[in-house]
């Protein structure tokens, strides 16, 4: 999809990131819509979301923590965007991609759909955490086309391998943290907010 869209525009860093935003949104929405009616995902998903809602709806502390975390993420996103040369289209696009689109897509996919799918067959939560974490780390290899295009744009390929390995390692380690959060609170919303906060700090 990226190649089709890029062929219609000048190959610049700004256009490249805008197209990434569009393709991520389309692919993510398509995948979520495709999986939402699949019984293997929904059988566990519906039951667990209902249970989590019933258990947490009266827990004011948890709701306050989520609200505070959301405000912190929003505030930091605005400040960081402003500090990186202002609210130009490129900065806003990059912040939207890394703090909103990517966290929502990845956490719904790995800590919601894949998690609940594995729960149909695996009873050990520690195994589910490890599997989803490793998969989310390996998933970063899927960004190899993005890395390749950055190499072309910056004319520097010496760090490509190191970037891929570091992305896999960071993705796996942080996936374990998010898996523990998912297991503790049974709320993917926490995972999305923490993923967004992490994305801000590594920018």
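Taken over the range 75-135, the ratio of Cα radius of gyration to 2.2 N^0.38 Å equals 1.60. A crude spin-label estimate for the pair residue 120 and residue 201, with each label 7 Å from Cα along the Cβ direction, gives 3.5 nm.
Any read-out appearing in this document is the output of simple, stated calculations on the displayed coordinates, not a laboratory observation. Computed from a predicted structure; not experimentally measured. Methodologically, a virtual Cβ is constructed for each residue, glycine included, from the backbone with ideal geometry; neighbour enumeration extends over all protein chains shown.
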